[in-house]
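The values are calculated or read from the model by the stated rules, or taken from the named source; none is laboratory data. Please read these numbers as outputs of a predicted model, since none were measured by experiment. Here Cβ is always computed from backbone atoms with ideal geometry, including for glycine, and neighbour counts include all displayed protein chains. Just so you know, the surface numbers come from the protein's heavy atoms only, side chains and all, with ligands and any DNA or RNA stripped out. Shrake-Rupley method; radii C 1.70, N 1.55, O 1.52, S 1.80 Å.
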Amino acid sequence: MGIIKRVGTFVGSHMPFVIPSCIIVGCLAPDVFATIKWIVPYLFAVITFQGSLNTTIGQVARTFRHPRELLGILFMSTVAMPALARLVGGLVFSDPEIVTGIVIEYSIPVAVVSFMWVDMFQGNVSLGLAAILTSTIIAPFTIPLLIQILVGSQVTIDPTGMIGDLVVQIALPAVAGVAVNQLSGGWGHEKLSPELAPICRLLTIVVVTCNATGMAEFVRTFDPVVIEVAVFILAFAICGFLLGMLMAKLMRAPMADFYTMTFCTGLRNISSGSVIASQFFPGAAIVPVMMGTLFQQVLAAIFGQVMQRLVGEERERERSRVRSARELLRRRTGR
């Protein structure tokens, strides 16, 4: 167990290097890791359970009673980002299939994997859960509407698959984690969660590597259009994280919410997007959607480290202000 803890700690502190390595391995050996891809939802269920151990029923209830940050995430992910993707994508690319794929990429729900990053960087887990649950539940209604308005095509989304994934990967393990923490009087948060955290870091490696196998075919194809799309998706994905950070700053969100709003705005459910693109728009539309797989996890790791540094600097400034106030008070009172 000591070795697992040390390895898990190493993985957690070196995510910007670990995640690209996982993606490279997944792309180079897709046949190996594709065979165990079926286990990914169950591994993610364990990750969700561990993260939910840090949440109480009261925290979840407060998120829905005071939904300012939640509404901010939903507005950015279901209105602002799709509209911006259509505008900028239409200016850069003339191929309507590519533009459609870009719109799909930014119309799909908040990524389930964002919960993993929120928990890893001590964000607001209850807000992350609420964002994932809500965006996935409304997706069967918002995605067809957005595609109709922005692209002019009609699609019918069967909600069964989306809801099924949601139940297995998020809903049931989240309820179980919150229940264990609530019924144990905090033991789940104080004892069980820290024990499971290193294991979940290792499970993260398996999840990212298996998911990266879907990109193998596109990575091996050095088509100029593919490269152009990759550059665009990289730039737009960076904008997604930056917009999340900007929104959190403008809303003066607490530090934990700052992490959550950034990850939930920047990360999208690529698997649901790939299904929609391949089912309704065969051809080049799949390329922009799958390109997100290349960059999302790497950018999440990088922005997590950037936010940690920003938070550290903010906390240091706060400590400096407190010290200055105490010194001023001491001088005035002569103590």
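Summary table
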item: Peptide ranges 91-99, 195-203, 124-132 listed from the most packed, as the mean C-beta count within 10 angstrom indicates; result: 124-132, 195-203, 91-99
item: Gained length - Met255 relative to Val7, 0.36 nm times residue gap less alpha-carbon distance; result: 86.6 nm
item: Virtual spin-label span in nm between Val311 and Leu28, 7 Å along Cα→Cβ; result: 3.3 nm
item: Average accessible surface area per residue within segment 1-101, 1.4 Å rolling probe, Å²; result: 52 Å²
item: Amide H contacts under 5 Å for Leu267, placed H, 5+ residues apart; result: Ala111
item: Carbon/sulfur fraction of accessible area - segment 59-145, other protein chains in place, 1.4 Å, %; result: 69 percent
item: Peptide ranges 105-114, 21-30 listed from the most packed, as the mean C-beta count within 10 angstrom indicates; result: 105-114, 21-30
item: Derived scalar couplings ³J(HN,Hα) [segment 102-111; Karplus, 6.51 cos²θ - 1.76 cosθ + 1.60; whole Hz; x for Gly, Pro]; result: 5, 5, 4, 3, 10, 10, 6, x, 4, 5
item: Nearest-0.05 FRET efficiency for Leu246 and His66, computed from C-beta distance (R0 25 Å); result: 0.75
item: Extension reserve of the Tyr42-Ile137 stretch, reckoned as 0.36 nm per residue once the Cα distance is removed; result: 32.2 nm
item: J(HN,Hα) series, segment 175-184, from Karplus relation 6.51 cos²θ - 1.76 cosθ + 1.60, nearest Hz, glycine and proline x; result: 4, 5, x, 5, 5, 4, 5, 5, 6, 8
item: Separation of the Leu234 and Ala80 label points, Cα + 7 Å toward Cβ, nm; result: 2.5 nm
